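The values are calculated or read from the model by the stated rules, or taken from the named source; none is laboratory data. Since this is a predicted model, take the numbers as computed values, not measurements. Here Cβ is always computed from backbone atoms with ideal geometry, including for glycine, and neighbour counts include all displayed protein chains. We work out accessible area using only protein heavy atoms, side chains counted, and drop any ligands, DNA or RNA first. Shrake-Rupley method; radii C 1.70, N 1.55, O 1.52, S 1.80 Å.
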Amino acid sequence: MNFDLTDAQIAIRDTARDFAQREIGPRAGEWDRSSTFPRDVIAKLGKMGFLGIVVPERWGGAGADYTSQALVIEELARHCGSVAITVASHNSLCGGHIALAGTDAQKERFLTRLARGEALGAWGLTEPDSGSDAGAARTTAVRRGDRWVLTGTKMFITQGSVAGIYVILASTDAAKKQRGLTAFVIEAGTPGLRPGRILEKLGLHASDTTEVILEEVEVPDDQRLGPVDGGFYDTLKILDRGRIGIASMAIGLGRGALEESTRYAREREQFGRPIGDNQAIKWMLADSAMELDAARLLVRRAAWMQDRGMKTTRESSMAKLFAAPAAMRACWKAIQIHGGYGYTKDFPVERYWRDCKICEIGEGTNEINRMVVARDLLGRVIADV
């Protein structure tokens, strides 16, 4: 494995870094305080190709790779977790599902608009009573002739009220539980589809997160995404890629906390010298740097494997499982280093900590990802015997 980035990857990373520093960093705190969705910035990211990073140019995307996508998400998260999760979910979940399972006609109709930033995407799997247990989904899709009728409620949907295109997982065979899920792509404005309540969250205040209500939403069969009862199998592949994105977001937030606290440790003086001279501060900074670097290597490995068409179930879960708590520790230490100021909104480290918590929950909780890694290990061991 070559750890050097290509010239193209470096150019994409640097473009994202420069944009984030200029357009996102100075405004992220205000977006957080006012819970404002940054439509203008997301639109600019679309024009830059960042809403279709891995989508082939044929379908309006940048035609880059998963390593580049991870780099972009990290750079955006360095300054704003809300922007990062918007880009990550749009690319990995909604766009990713259509790219994976869609027909050429579906890609032309839906994926092209997503990749060009003409519409934002939302992906609906989770429900009020169905989180990690996808088999408990109560949203149903009933076939009536050449059409499907969807009824139910989805929960914790990123871009839930601002999306133009939704991918919704619904039960087409309740007896099969998760193996009876089917995916459908639905356009905003379709009768019966509407956002529910906007959810008030601990962090990511500038990310749009809502319920999505489906009241006898009718769609033709040509908006079914993939085979009947095949949605869960596609979902597993999508989550393998999505976990790389959420791990990259965690690293970006942790890196932001580390960089802010390193700067503060140099500038803040107590007892006549910078607080960075104290061993306790040095050790906190060193531990954060070490853990974030290790997390980044796990992410790069998983992305590198995805770029080569390899299965990354274990590697993606490992990356997310390690990166999320490592970033949380970096954020916690940054608050501690800032002392009383770290507990205020005068500095961004408290926001990084609040935003980072979702990385231990979304795309499968830490506990679920431990199960994924263990099952993969046991499966491989048994297969080798």
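Per-residue accessible area (protein heavy atoms, 1.4 Å probe) orders LEU258, LEU225, LEU378 as LEU378, LEU258, LEU225, starting from the largest. Region 196-256 and region 1-33 have Cα centres lying 23 Å from one another. What the Cβ-Cβ distance of ASP287 and TYR343 gives, at R0 = 22 Å and to the nearest 0.05, is a FRET efficiency of 0.60.
State, as an integer percentage, the relative contact order of the chain based on alpha-carbon contacts under 8 Å between residues 6 or more apart. Please list the in-between numbers first.
Working: 762 pairs, mean separation 61.5, N = 385.
Relative contact order for the chain comes out at 16 percent.
Calculated FRET efficiency, THR151 and ASP376, Cβ-Cβ r, R0 25 Å, to nearest 0.05? Kindly include the intermediate steps, with their values, before the conclusion.
On the way: r = 35 Å, r/R0 = 1.42.
The pair THR151/ASP376 has a calculated efficiency of 0.10.
Over region 192-257, what lengths in whole Å, largest first, do the semi-axes of the equivalent ellipsoid take, defined as the square roots of 5 times the eigenvalues of the alpha-carbon gyration tensor? Let's see the in-between values first.
Details: eigenvalues 178, 90, 11 Å².
Working from the Cα gyration tensor, I get semi-axes of 30, 21, 7 Å.
Dividing the mean sequence gap of close Cα pairs (under 8 Å, 6+ apart) by how many residues region 250-385 holds gives a relative contact order of 32 percent. Once the chain from ASP18 to GLU118 is taken as fully extended at 0.36 nm per residue, the excess over their C-alpha distance is 33.7 nm. Using a simple spin-label model with pseudo-atoms 7 Å out from Cα toward Cβ, ARG308 and ARG266 lie 3.8 nm apart.
For region 24-127, averaging the sequence separation of C-alpha pairs within contact (under 8 Å, six or more residues apart) and dividing by the residue count gives a relative contact order of 30 percent. For the chain, the Kirkwood hydrodynamic radius comes to 21.2 Å, computed from all pairs of different C-alpha atoms. With the simple spin-label model, which puts each label point 7 Å out from Cα in the Cβ direction, the ALA280 to SER132 separation comes to 3.6 nm. Across the options ALA62, GLY49, PHE110, the greatest Cα extent toward the positive end of the charge dipole of region 1-120 (unit charges at beta carbon of Lys, Arg, Asp, Glu) belongs to PHE110. Computed from label points 7 Å out along Cα-Cβ, the spacing between GLU108 and GLU259 is 4.3 nm. Pairs from the table (LYS320/LYS357; LYS333/LYS357; LYS44/LYS237) lying more than 20 angstrom apart at Cα are LYS44/LYS237.
The residue among ILE251, GLY180, GLY25 whose Cα reaches farthest toward the positive pole of the charge dipole of the chain, with charges on the beta-carbon of Lys, Arg, Asp and Glu, is ILE251.
Hey, which of these cross-link pairs are over 28 Å Cα-Cα: LYS107/LYS201; LYS154/LYS345; LYS176/LYS311? Walk me through the intermediate numbers first.
Numbers: LYS107/LYS201 33 Å; LYS154/LYS345 33 Å; LYS176/LYS311 25 Å.
Pairs exceeding 28 Å: LYS107/LYS201; LYS154/LYS345.
When you work out D = kT/(6 pi eta Rh) for region 185-320 at 10 °C and 1.306 mPa s, using the Kirkwood radius from C-alpha pairs as Rh and the Stokes-Einstein form, the result is 83 µm²/s.
Every helix of 4 or more DSSP H residues in the chain counts as -39500 (n - 2.57), and over all residues that averages to -15500 deg cm²/dmol at 222 nm. Extension gain for the segment ILE361 to ARG144, taken as residue separation times 0.36 nm less the Cα-Cα distance, is 74.4 nm to one decimal.
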